[in-house]
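J.: Got a structure for you, questions after.
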Amino acid sequence: MTKLKLLIVLLFCFTFFHSFSQKVELAIQTGHSGEITHLIFNPTGKLIASAAKDNKIVIWDVITGKQYNSISMASVKITDIHFLSDS
C-alpha cells in the first residue's frame with residue numbers, strides 16, 4: 001500500500017509542476033557594436049532603452065540586466081529615443 005501512495009504522490013507532483021512550468025526561449029544577447037549615444041528609462045523604471053552608433057536600439061531589463069529586445073535601423077541615424085507613457 002505504501003508503494004501505491006508513493007506512486008500517486010510522485011505522479012501528482014510531476015503533473016502539478018509540469019503544468020505550471022514555463023517554456024524556455026533562447027535569446028542571444030548581442031548588445032551594441034558601436035558607441036552608445038542615448039539611454040532612457042521607461043515610465044515604470046523596469047526597462048532601459050539604449051541607442052548606439054551601430055543604428056540599433058536595445059531594450060534592457062533593469063533587474064536582470066539582460067537584453068529584452070532589439071531593433072536595427074539599417075539606413076536611419078538614430079537621433080533620439082522615447083518611451084510612450086501609455087505602453
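Only the coordinates and a few stated rules stand behind these numbers; no lab work does. Just so we're clear, the structure is a prediction, and the values are computed from it rather than from any experiment. Ideal geometry is used to build each Cβ from the backbone, glycine not excepted, and the neighbour counts take in all protein chains shown.
J.: Counting Lys +1, Arg +1, Asp -1, Glu -1, what net charge surrounds residue 39 among other residues with beta carbon under 15 Å of its beta carbon? Mind showing how you got there, number by number?
T.: Numbers: positive: 46, 53, 56; negative: 35, 54, 61, 80.
The answer is -1.
J.: Next question, about the same structure. Using 0.36 nm times the number of residues separating residue 2 and residue 33, minus their current alpha carbon distance, what extension gain do you get?
T.: Working: separation 31, 0.36 × 31 = 11.16 nm, distance 6.07 nm.
Full extension of this stretch gives 5.1 nm more.
J.: How much FRET efficiency would the formula 1/(1 + (r/R0)^6) give for residue 46 and residue 71, where r is the Cβ-Cβ distance and R0 is 25 Å, rounded to 0.05?
T.: On the way: r = 19 Å, r/R0 = 0.75.
Efficiency at R0 = 25 Å is approximately 0.85.
J.: Also: Local charge sum around residue 72 (other residues, Cβ-Cβ under 11 Å, Lys/Arg +1, Asp/Glu -1)? Could you put the intermediate results ahead of the total?
T.: Working: positive: 56; negative: 54.
Taking every other residue near residue 72 into account, the sum is 0.
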